[in-house]
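Participant: The structure under discussion is supplied below as structure tokens; questions concerning it will follow.
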């Protein structure tokens with residue numbers, strides 16, 4: 001299991017040095033995600049993907065859950081009433097629930113892609129000011145070690161935070 005650490009760095013040079021220090025501490029490049037203002041070039045730093053920048057994951061699960069409930073309600077209604085002389089079976093209930101899951105997940109994902117991540121809200125001011133946000137995923141057993149390394153080697157870094165609910169796949 002991993003934990004995501006958030007760290008605000010003053011500029012790209014500091015972000016490069018932090019990435020090098022994390023590489024020396026055996027944190028792989030694929031576990032480091034950098035985010036800056038649109039006009040700031042991050043160079044060879046691993047930029048955050050849209051999954052880290054947007055609320056798509058949260059939106060998908062919310063929409064899929066609501067879709068399943070809505071589909072199940074429709075399935076129960078069809079099962080209880082005979083429309084046009086047809087009697088619906090339990091398979092209709094399952095089909096409606098799966099259809100609701102797919103439709104709800106799809107529709108909410110379209111909304112979630114265009115919505116900034118709620119978890120990045122505290123860092124918006126720093127990002128607009130030209131600073132760089134580092135999101136690094138570290139094993140739970142090494143969190144204190146990596147936090148100590150970052151505090152010692154990078155006192156210029158501010159606004160440290162930790163996300164306890166790191167998804168299994170970024």
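The values are calculated or read from the model by the stated rules, or taken from the named source; none is laboratory data. Given the structure is predicted, the values throughout are model-derived calculations rather than measurements. Please note: Cβ atoms are built from the backbone with ideal geometry, for glycine as well, and neighbour counts cover all protein chains shown.
A quick yes/no check of all residues on (1) over 15 Å from residue 49 (Cα atoms); (2) at pLDDT 85 or above:
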position: 101; (1), (2): yes, yes
position: 105; (1), (2): yes, yes
position: 108; (1), (2): yes, yes
position: 120; (1), (2): no, no
position: 131; (1), (2): yes, yes
position: 134; (1), (2): no, yes
position: 137; (1), (2): no, yes
position: 141; (1), (2): yes, yes
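Participant: Filter region 35-65 for residues that are touching a strand residue (DSSP E or B) at 6+ places or on another chain (Cβ under 6 Å) and modelled with pLDDT of 85 or more and give the result.
Facilitator: Listed by number, the list holds a single entry, 35.
Participant: A further question follows. Could you list, ordered by first residue, the pairs with Cβ atoms under 6 Å in which the first is in region 128-143 and assigned by TED's automatic domain parsing to the domain that holds residue 28 and the second is assigned to a strand (DSSP E or B) and loosely packed, with under 15 Cβ neighbours inside 10 Å, at least 6 apart or interchain?
Facilitator: none
Participant: Could you list, in sequence order, the residues of region 130-144 that are over 19 Å from the mean Cα position of the chain (by Cα) and within 14 Å of residue 14 (Cβ to Cβ)?
Facilitator: Scanning region 130-144 gives 130, 131.
Participant: Now a separate question. Does residue 22 fit the bill of being within 11 Å of residue 134 (Cβ to Cβ) and either under 18 Å from the mean Cα position of the chain (by Cα) or assigned to a strand (DSSP E or B) (or both)?
Facilitator: no
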